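Here is the structure we will look at, set down as structure tokens.
Readers should treat all values here as calculations from the given coordinates under stated rules, not as data from a laboratory. Bear in mind the structure is a predicted one, so any value in this text is a computation, not a measurement. Heads up, the Cβs are rebuilt from the backbone with ideal geometry, glycines too, and the neighbour counts pull from every protein chain shown.
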Amino acid sequence: HGDRSPTFFEFSTAMALYAFSRRQVDWGVIETGMGGRYDATNIIQPAIPIITNVSLEHRDYLGNTLVEIAREKAGIIKPATPVVTAVKQKQARSVVRKIARKKSAPLFMLGKDFKVRQNQSGQFSYTGIENNWHHLQTSLLGRYQVQNAALALAACELLIKDKATITPESIKQGLAVTRWPGRLEIVSDKPLVIL
């Protein structure tokens with residue numbers, strides 16, 4: 001727009017989309033920057049938008065309350081496109097539900113439409129929309145990663161239902177071998193940067 005230069009995130013998003021295009025990937029997982037509604041990634045028509053939990057973050061850009069932040073993050077919801085979420089807070093969940101309903105987007109919520117249960121060994125079971133998968137394990141550190149895995153599994157279920165070729169074996173292997181170098185990970189209560 002005008003003389004404005006792209007931000008680093010806008011530029012890196014364009015680079016990633018170009019790389020995905022050149023490689024002709026079957027599926028790309030695109031993470032938003034801070035929010036949803038005005039995020040550089042919102043130019044994409046996603047197969048399954050996923051909204052993790054909402055917290056009081058990036059208040060200078062997204063708003064000062066959970067409701068305001070939820071409204072911004074729910075900006076990735078597209079008309080008639082299924083959306084998966086782990087939003088827990090009642091008011092924030094209400095905002096996501098209202099926007100999904102307004103856009104006729106089927107909404108699938110962690111704890112309601114699909115569940116995850118972790119055992120002492122670190123393995124977990126997924127009770128899903130139509131599938132149940134057991135003895136799963138993620139290599140990513142942090143207790144919250146099991147909930148993130150549940151969101152990914154719900155998205156996989158919806159993609160499978162829409163005729164995507166994703167097998168339970170590939171899901172199990174993908175969870176077990178996924179690495180996220182350079183991403184901040186939480187181990188116990190101490191942050192750890194994995195490089």
Query raised in the report: Quick one: Karplus J couplings for region 158-165, per residue in order, coefficients 6.51, -1.76, 1.60, θ = phi - 60°, nearest Hz, x for Gly and Pro?
Result: 5, 5, 4, 4, 8, 6, 6, 8
Requested in this report: Please list the non-local residues whose amide H lies under 5 Å from the amide H of Gly36, H modeled 1.01 Å from N, same-chain partners needing a gap of 5 or more.
Outcome: Lys73, Gly75
Query raised in the report: Roughly how many whole Å is it from the C-alpha centroid of region 1-35 to that of region 113-164?
Result: 27 Å
Report summary line: Straight-line reach check, Lys103, cutoff 16 Å on alpha carbons, 8 or more apart in-chain or any other chain, hits among lysines -> Lys73, Lys78
Report task. Using +1 at the Cβ of each Lys and Arg and -1 at the Cβ of each Asp and Glu in region 80-172, identify which of Val83, Ile99, Leu153 lies farthest towards the dipole's positive end. Result -> Ile99
Report summary line: Subtracting the Cα-Cα distance of Asp113 and Tyr144 from 0.36 nm times their residue separation yields 9.3 nm
Query - For region 104-111, 3J(HN,Hα) per residue [Karplus equation, 6.51 cos²θ - 1.76 cosθ + 1.60, θ = phi - 60°, Hz, x = Gly/Pro] - result: 6, 9, x, 10, 10, 10, 4, x
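Please list the three semi-axes, largest first and in whole Å, of the ellipsoid equivalent to region 110-183, using sqrt of 5 times the eigenvalues of its alpha carbon gyration tensor. Intermediate results must be reported in sequence, preceding the final value.
Details: eigenvalues 72, 45, 25 Å².
With the √(5λ) rule applied to region 110-183, the semi-axes are 19, 15, 11 Å.
For the chain, which longest stretch is free of loop sites, where a loop site is one of the GluC sites (Glu not before Pro) that DSSP puts outside H, G, I, E and B and that has at most 13 other Cβ atoms within 10 Å? Numbers along the way, then the final one.
On the way: sites that count: Glu31, Glu57, Glu130.
Answer - 58-129.
How much length is gained if the chain between Asp26 and Thr65 is pulled fully straight, taking 0.36 nm per residue apart and subtracting their Cα-Cα distance, in nm to one decimal? Display every interim value, and only then the final one.
Numbers: separation 39, 0.36 × 39 = 14.04 nm, distance 3.72 nm.
Roughly 10.3 nm would be gained on extension.
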Requested in this report: Step through the residues of region 166-178 one at a time and calculate ³J(HN,Hα) from phi using the Karplus curve (6.51 cos²θ - 1.76 cosθ + 1.60, θ = phi - 60°), rounding each to whole Hz and writing x for Gly and Pro.
Outcome: 10, 9, x, 5, 5, 5, 4, 5, x, 4, 5, 9, 4
Query raised in the report: Once the convex hull of the C-alpha atoms of region 1-114 is built, how many Å³ does it hold per residue, rounded to a whole number?
Result: 116 Å³
Query raised in the report: Put +1 on the Cβ of every Lys and Arg and -1 on every Asp and Glu Cβ in the chain; which of Ile69, Ala19, Pro6 then has its Cα farthest towards the positive end of the dipole?
Result: Ile69
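Suppose every Lys and Arg Cβ carries +1 and every Asp and Glu Cβ carries -1, with no other charges. What dipole size does the chain come out with about its Cα centre, to the nearest 20 debye? Kindly include the intermediate steps, with their values, before the conclusion.
Working: 26 positive and 16 negative charges, 121 e Å.
With only Lys, Arg, Asp and Glu charged at Cβ, the dipole is about 580 debye.
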Report summary line: For the chain, shape from the Cα gyration tensor axes a ≥ b ≥ c, cut at a/c of 1.5 then a/b versus b/c, turns out rounded
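List the trypsin sites (Lys or Arg not before Pro) within region 135-179 that DSSP assigns to loop and that have no more than 14 neighbouring Cβ atoms inside 10 Å.
Counting only loop positions with at most 14 other Cβ atoms within 10 Å, the trypsin sites (Lys or Arg not before Pro) in region 135-179 are Arg143, Lys163, Arg179.
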Query raised in the report: Rounded to the nearest 500, what is the chain's calculated 222 nm mean residue ellipticity when only DSSP H runs of at least 4 contribute -39500 (n - 2.57) each, over all residues?
Result: -11000 deg cm²/dmol
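Using the Cα centre as the reference, give the magnitude of the dipole from point charges on the C-beta atoms of region 72-129 (Lys, Arg: +1; Asp, Glu: -1; all else neutral), rounded to the nearest 20 debye. If you can, show how the numbers build up before the last one.
Details: 13 positive and 2 negative charges, 59 e Å.
Charge dipole of region 72-129: 280 debye, to the nearest 20.
Label region 64-142 by shape, choosing from rounded, prolate and oblate, from the square roots a ≥ b ≥ c of the eigenvalues of the Cα gyration tensor; if a/c is under 1.5 it is rounded, and otherwise prolate applies when a/b is larger than b/c, oblate when it is not.
Details: a/c = 2.73, a/b = 1.75, b/c = 1.56.
Prolate is the answer for region 64-142, as a/c is 1.5 or above and a/b outweighs b/c.
Within 10 Å, at most 13 other Cβ atoms, and a DSSP state outside H, G, I, E, B define an exposed site. Report the longest part of the chain free of exposed chymotrypsin sites (Phe, Trp or Tyr not before Pro).
Details: sites that count: Trp27, Tyr38.
That gives 39-195 as the longest site-free run.
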